[in-house]
Amino acid sequence: MVRISCLALLLAGLSLTQSASAGWPFFSEDGLRRGTPEYYAARAADPPGSRQECYYGKPWPVSARPVGPEQTFVHKYHTAHYWPHPYQCQDRQSVRSYMDMQVYNGWQTATTFYDYHFDPQTNSLNSAGMNHLAWLVSHVPVQYRQAYVQASFDTASNSARLLSVEKSIANLTNGHESIPVQQRVTNPLGRPAAEVQQILTGAAEGALPPVIQYEGASGGFSTGG
């Protein structure tokens, strides 16, 4: 009778010990049952490679490594089979984002109205500005069709130029198309035509005449008898 009661107490103690554990090996640290689709879905983003651990206050290894639980076996096989996925996807997206930014900046520069597009007295679009606006309305893709106006230190001039561009767009499209107009702090990338003509004229006037410099050979030829 005493032996039976001791055995019962031992079994009860074992059951209490098992119930007090974290559920290993059937459940993971986050409470998901191992081997279930939810468990693998939660572990799908674990990075590959060895983990960095801390021993005696020092990181092992000292170089950067992932931390946390290692990948599951099936995820390790997937990483080895499809390497370098998904990192090549991230690299491609990074390159595309930089290219999209460059394309956007290029169209922004091309659709900007600078000081030489306006009359200095009335701040209205001159002939060059109207031609540039006609090109913007008819040739620029819709996703980049936005007018920018170079900002100056004169607030009145900025307002007059913005109003001139808005009215010219309405007149050019008969009010059927609305193109946003926005100020932009920038400077023209090129040079005025008069400055370019002066550079070319100076280069042509200072050029040397097209003469081939030739010096005859010293001495003569002797023939043997």
Of Q88, G31, T122, which is farthest along the charge dipole of the chain in the positive direction, counting Lys and Arg as +1 and Asp and Glu as -1 at C-beta?
-> G31
Contour minus end-to-end for Q197 and W60, with contour as 0.36 nm per residue of separation and end-to-end as the Cα-Cα distance?
-> 42.6 nm
If C89, C54 are ordered by their accessible area, calculated over protein heavy atoms with a 1.4 Å probe, which sequence runs from highest to lowest?
-> C54, C89
Can you pull out the chymotrypsin sites (Phe, Trp or Tyr not before Pro) in segment 24-88 that DSSP calls coil and that have at most 11 other Cβ atoms within 10 Å?
-> F26, Y56
Candidates Q71, Q197, Q121; GNM for the chain (alpha-carbon contacts under 10 Å) flags as most fluctuating Q197
Between M101 and Y214, what FRET efficiency follows from the Cβ-Cβ distance if R0 is 35 Å, with the result rounded to 0.05?
-> 0.05
Antiparallel bridges, percent of DSSP beta bridges restricted to the chain (to nearest 5) = 45 percent
Which of the GluC sites (Glu not before Pro) found in segment 29-104 are in a DSSP loop and have at most 13 neighbouring Cβ atoms, other than their own, within 10 Å?
-> E29
Considering only protein heavy atoms, what is the solvent-accessible area of V211 at a probe of 1.4 Å, reported in Å² to the nearest 10?
-> 100 Å²
Return one number: the angle in degrees, 0 to 90 and rounded to the nearest 10, between the long axis of the Cα atoms of helix 155-173 and the longest principal axis of the Cα atoms of the chain.
-> 90 degrees
How much solvent-accessible surface does K76 expose, in Å² to the nearest 10, with a 1.4 Å probe and all protein chains in place?
-> 90 Å²
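Given +1 on the Cβ of Lys and Arg, -1 on the Cβ of Asp and Glu, and no further charges, what dipole in debye does the chain carry about its Cα centre, rounded to the nearest 20?
1180 debye
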To the nearest 10 degrees, how steep is helix 87-110 against the longest Cα principal axis of the chain, on a 0 to 90 scale?
-> 30 degrees
Round to the nearest 10 and give me the degree value, 0 to 90, for the angle of helix 73-82's Cα axis relative to the longest principal axis of the chain.
-> 20 degrees
Using a simple spin-label model with points 7 Å from Cα along the Cα→Cβ vector, what separation in nm is obtained for Y77 and T122?
-> 7.9 nm
Would you please classify the overall shape of segment 84-169 from the alpha carbon gyration tensor, given that a ≥ b ≥ c denote the square roots of the eigenvalues, rounded means a/c under 1.5, and beyond that prolate means a/b larger than b/c while oblate covers the rest?
-> prolate
Surface per residue (accessible, 1.4 Å probe) for segment 61-113, Å² | 78 Å²
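For the chain, give the percent of accessible area contributed by carbon and sulfur heavy atoms, probe 1.4 Å, rounded to a whole number.
61 percent
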What chymotrypsin sites (Phe, Trp or Tyr not before Pro) in segment 131-207 are in a loop by DSSP, with at most 14 other Cβ atoms within 10 Å of the Cβ?
-> F153
Overall form of the chain per C-alpha gyration tensor (a/c, 1.5; a/b vs b/c) | oblate
Beta carbons within 10 angstrom, averaged per residue: use that to sort the peptides 179-188, 108-117, highest first.
-> 108-117, 179-188
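The values are calculated or read from the model by the stated rules, or taken from the named source; none is laboratory data. Bear in mind the structure is a predicted one, so any value in this text is a computation, not a measurement. Counting neighbours? That spans all protein chains shown, and the Cβs are built from the backbone with ideal geometry, glycine included. Just so you know, the surface numbers come from the protein's heavy atoms only, side chains and all, with ligands and any DNA or RNA stripped out. Shrake-Rupley method; radii C 1.70, N 1.55, O 1.52, S 1.80 Å.
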